[in-house]
Amino acid sequence: MYSFLSINKLQSDLKSGAVSCKTLVEELVSEIKKKKQLNAFLEVFEKSALVQAIVVDEKIKSGKQGKLAGVVVGLKDNICYKGHKVSASSKILEGFESLYSATVVERLLAEDAIIIGRLNCDEFAMGSSNENSAFGNVLNPLNEKCVPGGSSGGAAAAVAANLCHISLGSDTGGSIRQPASFTGTVGIKPTYGRVSRYGLIAYASSFDQIGPITKSVEDTALALEVICGLDPRDNTSSSEKVETFSKGLAADKKYKIAYLKECVNAEGLDPEVKSSILKQIEILKAAGHQLEEVSFPYLEYLVPTYYVLTTAEASSNLSRFSGIHYGHRTENATDLESTYKKSRSEGFGKEVKRRIMLGTFVLSAGYYDAYYSKGQKVRRIIQQKTKEIFKDFDFILTPSTPGTAFEFGKNSADPIKMYLEDIFTVQAPIAGIPAISVPCGTHSNGLPMGLQLMADYFEEEKLLNLASKIKPLA
Ligand code: GLN
């Protein structure tokens, strides 16, 4: 089987004829079948992937290939691809087929990437362990007793297990970065508005962003520059110039980096995660960067703010799944109201129901001011306080997650415990800034640990530049 190292190497091997796209797809399809127990893929698009592979092989022969020629991509099952099924890992959308492609999919295909299938995730991207999928758990390829993280668990597991070259996930509160950290991969959440959300099944629209999960920062840079940029079909997408991120990696710059006192000293932070972060801080200092401890006394407000606001948005976004237009419709209804009630009761899983109820509650007349308005105000304060740090610093550095991948069932009985998994990852989407998780070492339990870097709005180029310098501790 072709051993994938990087997009660059792959493309030179394709050009020299050492391997063909058709062979790549055939090998990966058989590998996905061999590693079926991981449950990373909900469906393999074997036919359309092969058709695209043959087209791209021809283009390579004629020297007219795009930037991502031959790169085999998996899509989280909340990203639409015309003529292919998409379900958000929910029974409510079982059997539904996309009527159009997401902008990110169009952009990948325009650069000759090959889409190989859709990847398991937490239902409607709600979760931190992939245990909320209606189609079963995804196993962490590095230790099958452990979760791969969530909600883009399948997307991270598929890349870590070499079942595709890169994947696209979505991140609302950490869903790209936390599974990347749990599987030893690289995951970036771009600035809000960088990447079009057209064709992404919405969870919380003012937080959601699509981003790649890859094996290296180099591959992330390349994939990101393809999917970023203004899209008239998403009116929150930004017209900010998209740099060629992959060209910015080589620069050797010295930065000012803040590390957050409250994160490094957080209760519940695994001591080995802490020491690996402290070691990385020393390595960065030795490389000539300036690192300073900064206090951010708002850490305890992040998770509550995130869950008040995202559940509010989710309760509104998910109201479209009514059993009328599309998706599951109950067979036991007697009238319109029971159609709504029963279709939704049968179609949604437990966590999605919990969040719809919570969101409806915080938006309800008597509680709107106490919860939703208050949440919005706190969000603004967090944005301002985060922005203030960037007056003096280029980056904020934290661990990606409080610990390594945990065993199945460990947090599932206690939603609050599960929500605290997101403590370091929710700041970036609350503020709207970009953030990346890169592997920073291996725990004595054998599992990878992640380091997170956040940067100011639209500073992805700088963020990728520094991220590419961070190497996991030996
Ligand atoms: N784990 C977080 C949640 O459950 C993040 C999910 C996400 O980013 N989509 O909401």
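The values are calculated or read from the model by the stated rules, or taken from the named source; none is laboratory data. Quick caveat, the model's predicted, so the values are computed rather than measured. Quick reminder, even Gly has a Cβ in these numbers, built from the backbone with ideal geometry, and neighbours come from all protein chains shown.
Residues of segment 276-302 being outside any loop (DSSP other than H, G, I, E, B), closer than 26 Å to Ile416 by Cα and of a type outside the set (Phe, Trp, Tyr), which ones? Passing the criteria: Ile277, Leu299, Glu300, Leu302. Taken as a whole, the structure places Asn162 among residues that are of a type outside the set (Gly, Ala, Ser), away from the ligand (no atom under 11 Å from the Cβ) and at positive phi.
Just so you know, in segment 265-324 the residues that are among the β-branched types (Val, Ile, Thr) and out of contact with any Gly (no Cβ under 7 Å at 6 or more places or on another chain) include one that is nearest to Ala370 (Cα to Cα), and it is Val303. Listed by first and then second residue, the pairs linking a residue in segment 163-184 that is without any contact (Cβ under 8 Å) to a residue 24 or more places away in the chain and within 16 Å of Thr311 (Cα to Cα) to a residue that is β-branched (Val, Ile, Thr) and outside any helix (DSSP H, G or I), with Cβ atoms under 7 Å apart and 6 or more places separating them unless they lie on different chains, form an empty list. Among residues of segment 203-216 that are more than 16 Å from Phe182 (Cβ to Cβ), those with a Cβ under 8 angstrom from a residue that is away from the ligand (no atom under 11 Å from the Cβ) and aromatic (Phe, Trp, Tyr), sequence gap 6+ or separate chain, pair up as Ser206/Tyr192; Phe207/Tyr192; Gln209/Tyr192. Inspection of segment 167-183 finds no residue satisfying the criterion of being over 20 Å from Val426 (Cβ atoms), at pLDDT 95 or above and assigned to a loop (DSSP other than H, G, I, E, B).
Quick one: would you say Ile416 is among the aliphatic types (A, V, I, L, M), under 20 Å from Tyr301 (Cα atoms) and in contact with a helix residue (DSSP H, G or I) (Cβ under 8 Å, 6 or more places away or on another chain)? No; evaluated as a whole, the condition is false for this residue.
Matching residues to (1) within 30 Å of Pro439 (Cα to Cα); (2) of a type outside the set (Lys, Arg); (3) in contact (Cβ under 8 Å) with a residue 60 or more places away in the chain:
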site: Gly288; (1), (2), (3): yes, yes, no
site: Asn317; (1), (2), (3): no, yes, yes
site: Gly327; (1), (2), (3): no, yes, yes
site: Leu336; (1), (2), (3): no, yes, no
site: Thr339; (1), (2), (3): no, yes, no
site: Arg344; (1), (2), (3): no, no, yes
site: Ile356; (1), (2), (3): no, yes, no
site: Tyr367; (1), (2), (3): no, yes, no
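Would you check if there is a residue in segment 214-233 being of a type in the set (S, T, N, Q) and not in a helix (DSSP H, G or I)? Yes. Select from segment 139-152 the residues that are away from the ligand (no atom under 11 Å from the Cβ) and surrounded by 24 or more Cβ atoms within 10 Å (Cβ to Cβ) and write down the one among them that is farthest from Leu420 (Cα to Cα). Selected residue: Asn140. Note on segment 416-452: residues that are within 12 Å of the ligand (Cβ to nearest atom), among the β-branched types (Val, Ile, Thr) and under 13 Å from Asp270 (Cβ atoms) amount to 1. Restricted to segment 404-474, the set of helices (runs of 4 or more DSSP H) holding at least 3 residues that are at pLDDT 95 or above comprises 427-431, 460-467.
Only one entry in Leu200, Leu269, Leu224, Leu230 is surrounded by fewer than 20 Cβ atoms within 10 Å (Cβ to Cβ) and either modelled with pLDDT of 95 or more or basic (Lys, Arg) (or both), namely Leu230. Only one of the listed residues (Gly74, Gly127, Gly136, Gly117) is within 14 Å of the ligand (Cβ to nearest atom) and either under 30 Å from Gly446 (Cβ atoms) or assigned to a loop (DSSP other than H, G, I, E, B) (or both). That residue is Gly127. Scanning segment 23-45 for residues that are of a type in the set (Asp, Glu), assigned to a helix (DSSP H, G or I) and touching a residue at least 60 places away in the same chain (Cβ under 8 Å) yields one hit, Glu31. Considered as a group, the residues in segment 303-334 that are in a helix (DSSP H, G or I) and more than 16 Å from the ligand (Cβ to nearest atom) include one that is nearest to Ser364 (Cα to Cα), and that residue is Ser319.
Just to be sure, is Ile423 out of contact with any Phe, Trp or Tyr (no Cβ under 8 Å at 6 or more places or on another chain) and among the β-branched types (Val, Ile, Thr)? When the stated conditions are applied, Ile423 passes them.
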